[in-house]
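> Sharing a structure below in structure tokens format, with a few things to ask.
FYI, it's all coordinate maths here, none of it is from the lab. Not measured: the values here are computed from a predicted model. Counting neighbours? That spans all protein chains shown, and the Cβs are built from the backbone with ideal geometry, glycine included.
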Amino acid sequence: MTAGKRRQPSLSQLRAFAAVAEHLHFRDAAAAIGMSQPALSGAVSALEQILGVTLLERTTRKVLLSPAGERLAVRAKAVLTEVGALLEEAEAVRAPFTGALRLGVIPTVAPYLLPTVLRLVHGRYPDLDLQVHEEQTASLIDGLTSGRLDLLLLAVPLGVPGIAELPLFDEDFVLVTPPDHWLGGREDIPREALKELNLLLLDEGHCLRDQALDICREAGRADAPVATTAAGLATLVQLVAGGLGCTLLPRTALRVEATRSTRLLTGYFADPAPSRRVALAMRTGAARGAEYRELATALREALRPLPVRLLAHG
């Protein structure tokens with residue numbers, strides 16, 4: 001048989017093999033994809049015959065992937081992922097704002113903007129299946145470029161080829177201090193004051209940590225702030241309330257985080273205050289790009305009550 005006339009595997013066969021490769025158990029694999037165990041076993045055997053290789057090593061106790069099976073399982077999963085994406089894109093073309101939308105959000109944005117995002121989606125796009133994933137920036141970018149995620153909500157700029165940014169707003173940073181701190185409650189703090197502070201930061205991997213370090217460098221601070229760090233902003237403000245230092249918060253986080261303790265004061269920087277930009281990000285040329293741009297426009301309007309500077313367009 002020539003290469004041009006070679007039989008092609010079916011999606012059902014690939015799905016059966018991928019399930020067995022994941023579970024290494026015929027009964028569990030069959031249950032996972034809603035196929036009878038004999039049908040699944042037959043589909044995998046047919047796939048082996050079509051490909052001309054042994055994919056599985058079957059014993060009385062367990063199922064193992066052969067060396068060829070380990071290599072081809074990765075390919076099978078990739079094919080099924082792309083087919084799923086194709087079907088989702090086709091569904092989106094047929095009916096905009098329907099089907100699944102996998103939104104990735106960074107932890108320093110999620111608690112403060114998601115209430116607005118969820119109200120908007122539920123009210124305006126009730127047929128949209130919004131699936132939210134809270135992860136750090138590097139993981140979100142990887143998820144977007146690999147196709148695991150569709151849209152991101154995070155701080156920019158990213159500067160990543162193949163990713164288009166739809167800016168939403170700029171927001172200032174404020175200084176949160178213990179109640180007896182000399183800068184507590186001030187409304188004209190010069191950036192240079194950051195050179196003298198014990199500044200508490202988030203752990204490595206958070207873009208807010210990098211932004212705080214950049215602000216310190218711009219203020220002329222060459223050394224690193226104190227070693228105490230936190231995994232989230234809620235812990236960070238508790239450390240401040242306990243007198244361990246000061247920290248920077250974005251304005252959108254202030255109402256939630258600064259009310260966690262009575263032992264906190266908020267100070268505001270003199271203009272121009274240090275700030276960050278928040279945007280939606282999508283793959284350049286995404287088939288649902290028009291939807292994402294429309295969503296960005298609607299989200300800007302929905303965010304109007306927040307203490308941010310909305311951007312006119314993305």
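> Spot the failing condition for THR108; the list is (1) touching a helix residue (DSSP H, G or I) at 6+ places or on another chain (Cβ under 9 Å); (2) surrounded by 13 or more Cβ atoms within 10 Å (Cβ to Cβ); (3) part of a helix (DSSP H, G or I), and only one is missed.
Failed condition: (3).
> Now for a separate question. Checking ARG7 against (1) exposed (fewer than 12 other Cβ atoms within 10 Å of the Cβ); (2) in a helix (DSSP H, G or I), only one condition comes out false. Which one?
Status for ARG7: all satisfied but (2).
> Free of Cβ contacts under 8 Å to residues at least 24 places away in the same chain, under 21 Å from SER275 (Cα atoms) and among the small types (Gly, Ala, Ser) - does that describe any residue in the range 150-163?
Within the range 150-163, one or more residues are free of Cβ contacts under 8 Å to residues at least 24 places away in the same chain, under 21 Å from SER275 (Cα atoms) and among the small types (Gly, Ala, Ser).
> Of all the residues that make up the range 255-307, how many are under 22 Å from the mean Cα position of the chain (by Cα), under 19 Å from LEU233 (Cβ atoms) and crowded, with 21+ Cβ neighbours inside 10 Å?
3
> Taking the condition in contact with a Gly (Cβ under 7 Å, 6 or more places away or on another chain) and farther than 30 Å from GLU88 by Cβ, does GLY267 pass?
Yes: the conditions hold for GLY267.
> Same structure again: Pick from LEU72, LEU87: which is within 25 Å of THR145 (Cβ to Cβ) and either surrounded by 12 or more Cβ atoms within 10 Å (Cβ to Cβ) or in contact with a helix residue (DSSP H, G or I) (Cβ under 7 Å, 6 or more places away or on another chain) (or both)?
The conditions single out LEU72.
> So which strands (runs of 3 or more DSSP E) stay within the range 197-314 end to end and still have 2 or more residues that are among the basic types (Lys, Arg)?
Once the strands (runs of 3 or more DSSP E) in the range 197-314 are filtered for at least 2 residues that are among the basic types (Lys, Arg), what remains is 275-283.
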